[in-house]
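Here is the structure we will look at.
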Amino acid sequence: MKVLSIDYGIKRIGLAIGDENLKIVSPKGVIKNRDSVKKIKEIIEKSGVGKIVLGFPLTPSGKEGQRAKLVKKFYEELKKELPEVEIILWDERWTTQEALRRLEGLSYKKKKELKDVIAAMVILEEYFDSI
């Protein structure tokens, strides 16, 4: 089954896609948050995605903060628009730090450009490692 992972941000959303059986993850890019549900729906229909893993930003202590509330709202929008697609909330506490670690040595501009999609890849890799 194809799986789409989402690293939700207020301005930008990182996307990665992978195959649950092969456990291979590929970057899908970054989209602007505006009309993001519509764009994600298009990606899912074109790619044949059957599951979404949505990064859920808990605080370091494991509690839900303000960003987690925004992600829950986004989750509800996705569920409404994509009732046939399973959506999993995934603890993404350290994914941005891992993405930045992987981007060490690159310029600030390049890091900013790539960190969201790399974080989405980390989310999906962690999910695949858990199954």
Listed by first then second residue, the pairs whose first member lies in region 29-47 and is in contact (Cβ under 8 Å) with a residue 60 or more places away in the chain and at negative phi, whose partner is open to solvent by less than 30 Å² (accessible area, probe 1.4 Å) and part of a helix (DSSP H, G or I), with beta carbons under 9 Å and at least 6 positions apart or on separate chains, are Val30/Asp116; Val30/Val117; Val30/Ala120
Going through region 96-111 in order, the residues found to be closer than 19 Å to Pro57 by Cα and either open to solvent by 80 Å² or more (accessible area, probe 1.4 Å) or among the basic types (Lys, Arg) (or both) are Gln97, Arg101
Checked region 71-95 for anything open to solvent by 60 Å² or more (accessible area, probe 1.4 Å), in a helix (DSSP H, G or I), within 18 Å of Ile10 (Cα to Cα) and not acidic (Asp, Glu); matches are Lys72, Lys73
One residue is enough: does region 35-55 have a residue meeting the conditions touching a Lys or Arg at 6+ places or on another chain (Cβ under 6 Å) and hydrophobic (A, V, I, L, M, F, W, C)?
yes
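For the subset of region 15-25 comprising residues that are free of Cβ contacts under 8 Å to residues at least 24 places away in the same chain and not hydrophobic (A, V, I, L, M, F, W, C), which member is least open to solvent (accessible area, probe 1.4 Å)? So that I can check it myself, show each step before the final result.
Within region 15-25, the subset free of Cβ contacts under 8 Å to residues at least 24 places away in the same chain is 19, 21-22, 24.
Pick out the ones that are also not hydrophobic (A, V, I, L, M, F, W, C) and you get 19, 21.
Working: Asp19: 43, Asn21: 125 Å².
Of everything passing the filter in region 15-25, Asp19 is least open to solvent (accessible area, probe 1.4 Å).
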Counted residues in region 3-22 being of a type in the set (Asp, Glu) and assigned to a loop (DSSP other than H, G, I, E, B) come to 1
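The values are calculated or read from the model by the stated rules, or taken from the named source; none is laboratory data. Here the structure is a predicted model, which is why all the values come from computation and not from measurement. Cβ atoms come from the backbone with ideal geometry, glycine included; neighbour counts cover every protein chain shown. Heads up: the accessible areas ignore ligands, DNA and RNA and are worked out on the full protein's heavy atoms, side chains in. Shrake-Rupley method; radii C 1.70, N 1.55, O 1.52, S 1.80 Å.
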